[in-house]
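Asks: The structure follows.
The values are calculated or read from the model by the stated rules, or taken from the named source; none is laboratory data. Because the structure is a prediction, the values reported are computed rather than measured. FYI the Cβ positions are ideal-geometry reconstructions off the backbone, even for glycines, and counts take in every protein chain you see. Just so you know, the surface numbers come from the protein's heavy atoms only, side chains and all, with ligands and any DNA or RNA stripped out. Shrake-Rupley method; radii C 1.70, N 1.55, O 1.52, S 1.80 Å.
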Amino acid sequence: KCRTGPLDIVFVIDSSRSVRPFEFETMRRFMMDIIGNLDVGPNATRVGVIQYSSQVQNIFSLKTFFTRADMERAINSIVPLAQGTMTGLAIQYAMNVAFTTQEGARPLHKGIPRIAIIVTDGRPQDRVTEVATQARNAGIEIYAVGIQRADMNSLRAMASPPLEEHVFLVESFELIQQFAKQFQDKLCGVDMCVEREHGCQHSCVSTPGSFYCECNPGYRLNVDGKTCSPIDACADGRHGCQHHCVSVRGSYSCRCRAGYYLSQNKRSCTMIDYCSFGNHSCQHECVSIPNGHYCRCRSGFTLQPDGKSCRATDLCNGVDHGCEFKCVSTEGSYHCVCPEGQQLQADGKTCSKCGAGHVDLVMVIDGSKSVRPQNFELVKQFVNRIVDLLEVSPHGTRVGLVQYSSRVRTEFPLNKYHSADEIKKAVMDVEYMEKGTMTGLALKHMVEHSFSELEGARPLSHNIPRIGLVFTDGRSQDDISEWARRAKESGIVMFAVGVGKAVEEELRAIASEPVEQHFSYSADFTTMTHLVENFSLNICPEEGKGETEIRSPCECEALVQFQTNTVAILQSLTEKNILWAHSLAQMTARLEDLEKQIANKK
């Protein structure tokens, strides 16, 4: 076998009418004899065949076949064209088409020889000198093989120098097979990959007088020219995967996060609808979330401890009624009321805004894993209920939002939004973080960043109150005391709101004095409406002063009032009793008179 290394060889075969059928058969055997001694393959020698007469026909290109058996079948199936002898046209086709990378030729910079073997039996009917020169200048090495009636001058005009090594004239078609062995020796040389210690990690490719290293598919050659590294097809960012890109040997595949499945386009992800499986057993509504589902009750009902069944409840004991200040339940319904001094708006839910003064308010909400996705949505609604209390504007009240878990993230600073609608939309777009509960770290972030002038807090000299509201549902995993103290020392009025497993000791440590007015607690997320009311009374104290007075029955004035009312009632009853007694005496006297009259008649 010829082991010199890879070659790109194209046979250019004359099938003009002057080539008789039995002579064309010897040309077939000539090609197959040469191919039979070549090491063919995608990384070895590649072979193509074209035939020509008055036109050019591609039999197979350099990229078509990589086994000798396939090539021989294609050669045996050639039907001669049997027309003129347009050799120049064939050379033009070989240069412009057959030896292009699109047709399977290796790039020139790889140094793989491009060899054209022209076999003809006559004089060309077109010009060959100029086009052959262009082909040689394009890097094609031309061997010109003439048989019997071939014109020697035309052969020399086509062939590459030195002519004594590239021009061959065979006396007859019968001798061409003997010539094939001689021609084979011209193509073969020393295999540099065998003769030298090449050091290639994957494969070595021999070239005349040298060699180079190649990598397997899915790998690229490192700068040392010998070792190979896997190609990370995900690194360029053009994969289009919605969730995760997984690189696999030069290619990639998209994967989805848990709770999602890959769509038909193999790139986007769709959340699994666990409710559609039909086994959720929810009495009212089933809500799908990543990795599962949860049950939800219709308005006016409360989810029971089994997480599936619902029971009718006080309609105000939820977050759906929308009352800004206070909800008053009636049988089967509810209505909203406002503090004294404020009027219920036309929507029947909102009250006149807190206009007592402008504040810089930063809300710090717990996004830890214990909150759970459905409750986090309730927290966002809670935040927006507070926003509804405020007159938001660049020169009025400013609002910022921070979320924390194992880390802290500013969702938007004080100077980001200038209207309540913008803030409420941004709040609903906040994504749940999950993981731990680093409340101390969140307080530190609030003090050092959230209330900085860079993030929109107004200078202390402007006397704009700074209010921090911390919302949490559990025990902090770090110390809160230092940064709670620093927050209050820096002039921030701190409110602490706890739900569920929140620790009262920590809430009190966060809250400003008087503590009772600055911390609130709710046993569960679905019953925390009253926390908004408490917050509104403390952040809008002027409005709160006008609230309807509710007297304790143990206060002195109440006792006196009760006593007065009771005495009045007793006096009324006594007067009625005297009238009844007088009437009874009159009736008794009359009865006695009647009895006497009856006795006398007897």
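Asks: Which order, highest average first, do 39-46, 365-372 follow once you tally other Cβ atoms within 10 Å for each residue and take the mean per peptide?
Replies: Highest mean packing first, the order is 365-372, 39-46.
Asks: What ³J(HN,Hα) values, in whole Hz, does the Karplus curve 6.51 cos²θ - 1.76 cosθ + 1.60 give for the range 479-492 when θ = phi - 60°, with x put for Gly and Pro?
Replies: The phi angles translate into 6, 10, 4, 4, 7, 5, 5, 4, 4, 5, 5, 7, x, 8 Hz.
Asks: Then there's this: Taking the full set of protein chains and a 1.4 angstrom probe, give the accessible area of CYS336 in square angstrom, rounded to the nearest 10.
Replies: 10
Asks: To the nearest 20 debye, what charge dipole does the range 7-188 have about its Cα centre, counting +1 at the Cβ of each Lys and Arg and -1 at the Cβ of each Asp and Glu?
Replies: About 320 debye.
Asks: Pick out, from HIS109, VAL131, TYR143, the residue whose Cα sits farthest towards the positive end of the charge dipole of the range 105-147, with +1 on the Cβ of Lys and Arg and -1 on the Cβ of Asp and Glu.
Replies: Farthest towards the positive end: HIS109.
Asks: So what does ILE289 come to for accessible area, using a 1.4 Å probe and Å² rounded to 10?
Replies: Here the accessible area works out near 30 Å².
Asks: Oh, and also: Which loop-located trypsin sites (Lys or Arg not before Pro) does the range 204-273 contain, where loop means any DSSP state but H, G, I, E or B and the Cβ has at most 16 other Cβ atoms within 10 Å?
Replies: Listed in order of number, the matching sites are LYS226, ARG238, ARG249, ARG257, LYS266, ARG267.
Asks: Let me ask something else about it. Using amide H atoms built in the peptide plane, which far-off residues or other-chain residues are under 5 Å from TYR521 H to H?
Replies: GLY498
Asks: Order ASP320, ASP70, most accessible first, counting only protein heavy atoms with a 1.4 angstrom probe.
Replies: ASP320, ASP70
Asks: Amide H neighbours of GLN51 under 5 Å, at least 5 residues apart or on other chains, H built in the peptide plane: list them.
Replies: ILE13, GLN57, ILE59
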